[in-house]
Amino acid sequence: MMGYQPPPQESLFHYHVYLEDRVRADHPLRKVKEVVDFDFIYAEVKDVYGTTGNVSVPPPVILKLMFLLLFYNVRSERELMETLPERLDWLWFLGYGLDSSIPNHSVLSKARKRWGESVFRQFFERIVVQCVENRLVDGEKVFMDASLIDAHASNGSVINTGALKRYLNEGYQELERRLDEANVSERSGANGRHISTTDPDASVVRYAGGKSRLRYKTHRSIDALHEVITAVETTTGAVSEASRLASLVDAHTTNTGIQPEAVVADSQYGAIENLLICHDRNLRPHMPTVHARNKHTGSRKDIYPEEAFVYEESNDTYRCPAGKTLTRRAYHSHRHTTEYMAKKKDCKACELKDRCTRDNSGRSVQRAIRKDDLDAMYAITKSPEARRDLRTRQHCMERSYARSTRYGFDRARWRGLWKVAIQEYLICTIQNIQTLIRHIGRPVKAILCLAPIYDLKAMGYKCAMEFSIGKTA
Ligand code: SF4
């Protein structure tokens, strides 16, 4: 017999509603709760709260709210709070009941301001340590890459700082204060003259021939074993990724406790300074170099490469393919090179000129100051291992950033560099927690991945299972 639903009759009270039972056993938030200790934040922020006055929302609840905001990519904090009473799983995750009062959305922005960026960095670092403790990080090779984040400001807010002083009068004092805070003088190029009045930290960046937009940049290092993000840095969009190689390696070493042996990156990182950093730190540079990338392009296309010129150490000169001498002309400290130049009259009269230079003042050749060190690094960049790592890097970095788009990484939620850095720390933390959840409790699978890396017998383990439980023979 078919049953008919009676007209809805609202119960005034609900008994036997136990949220623990309402959340399914394999709910993602249940796994997050098992893996992450949000209570660490009590100790981290206790100094920024007073001992009298209104009682705050507990810091772990605020951190969990920010986690939910990013994890479910909720459009705004207001929407998060409006949705919260309808979501039993969120209430359970926060430790709330059906009758709990929901905090005002403003507690999140106030907490960010009160806690600062460092608390979120510590949250990120704690999860990295947890990944290391669970043997999800190999640490031997650092894969790095950068990606742009659209700022939360429109292009219409960009003003020319030079023109502003002449034409603006009302509200100029306030704007000037913000421009001073943004350190306009430290910017260069177009960003030295243009600034956004709504988000002065963002810089105008054009990417892949597209339109110039206000942007930030995230710089990440990843461990290839399980794609754990081991270090992250957020900068304004105009900062070159090459300038962040050393700091990312340092952060990777600090966060994982493992000194890397190789850096795997694209040609943006392959500048001379970075190759010398790798040499000095005993790192293998597995990256295409700027030198190799530019070798047959632009003005260097179809002309003799620098290898065609022979260096004569006895008199510090070069000999060109026509047998003429190139003498030392200038030292370029920013490029770490010395420039050698042929005589103008030699090149003008030379039969090989069409294949050698398009410069009417003659051919020049650059010689690196630490050429031997650089040549050793160049040789490593061309090794089969470096080529193999570059292929791996392409997949794992793209996958990492593709996963981040689920959490809205490509658009800043908030304005100001430190707030965008908080967003990036939270997103990277979420990705690492997801990695922890995927691999924790499956030690055999993890060991299979680690087996080729560690010599288990040399470490005192009889088998992979003993290694997984930490029992030595
Ligand atoms: S163009 Fe100048 S540098 Fe080049 S081969 Fe001729 S003389 Fe030598």
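The values are calculated or read from the model by the stated rules, or taken from the named source; none is laboratory data. In this text, all values refer to a predicted model and were calculated from it rather than measured experimentally. In this analysis, Cβ positions are derived from the backbone assuming ideal geometry, glycine residues included, and neighbour counts consider all displayed protein chains.
Points worth noting:
- Condition check for residue 58 on (1) touching a Pro at 6+ places or on another chain (Cβ under 7 Å); (2) without any contact (Cβ under 8 Å) to a residue 40 or more places away in the chain; (3) closer than 18 Å to residue 123 by Cβ: one failure, at (1).
- Whether a residue is in a strand (DSSP E or B), loosely packed, with under 15 Cβ neighbours inside 10 Å and at pLDDT below 95 was assessed, and residue 293 does not pass this test.
- Every residue from the range 62-88 that is within 24 Å of the chain's Cα centre (by Cα) and over 22 Å from residue 37 (Cα atoms): 74, 75, 76
- Qualifying residue in the range 308-324 (condition: more than 9 Å from the ligand (Cβ to nearest atom), of a type in the set (A, V, I, L, M) and touching a helix residue (DSSP H, G or I) at 6+ places or on another chain (Cβ under 6 Å)): no
Listed here are the residues, each with its yes/no results for (1) surrounded by 14 or more Cβ atoms within 10 Å (Cβ to Cβ); (2) in a helix (DSSP H, G or I); (3) touching a residue at least 60 places away in the same chain (Cβ under 8 Å).
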site: 78; (1), (2), (3): no, yes, no
site: 90; (1), (2), (3): yes, yes, yes
site: 112; (1), (2), (3): yes, yes, yes
site: 119; (1), (2), (3): yes, yes, yes
site: 136; (1), (2), (3): yes, no, yes
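- Of all residues in the range 336-383 being within 15 Å of residue 300 (Cβ to Cβ) and touching a strand residue (DSSP E or B) at 6+ places or on another chain (Cβ under 7 Å), the one that is surrounded by the most Cβ atoms within 10 Å (Cβ to Cβ): 363
- Residue count for the range 73-118, restricted to those that are touching a Phe, Trp or Tyr at 6+ places or on another chain (Cβ under 7 Å) and within 26 Å of residue 49 (Cβ to Cβ): 2
- Listed by position, the helices (runs of 4 or more DSSP H) contained in the range 334-397 that have at least 2 residues being away from the ligand (no atom under 16 Å from the Cβ) and touching a residue at least 24 places away in the same chain (Cβ under 8 Å) are 371-381.
- All of (1) outside the structural domain of residue 316 (by TED's automatic domain parsing); (2) in contact with a Phe, Trp or Tyr (Cβ under 6 Å, 6 or more places away or on another chain) hold for residue 381 with one exception: (2).
- Extreme residue, farthest from residue 385 (Cα to Cα), among residues of the range 296-307 that are loosely packed, with under 14 Cβ neighbours inside 10 Å and within 15 Å of the ligand (Cβ to nearest atom): 299
- Only one of the numbered conditions (1) more than 23 Å from residue 275 (Cα to Cα); (2) modelled with pLDDT of 90 or more; (3) surrounded by 14 or more Cβ atoms within 10 Å (Cβ to Cβ); (4) not hydrophobic (A, V, I, L, M, F, W, C) is violated by residue 315, and that is (3).
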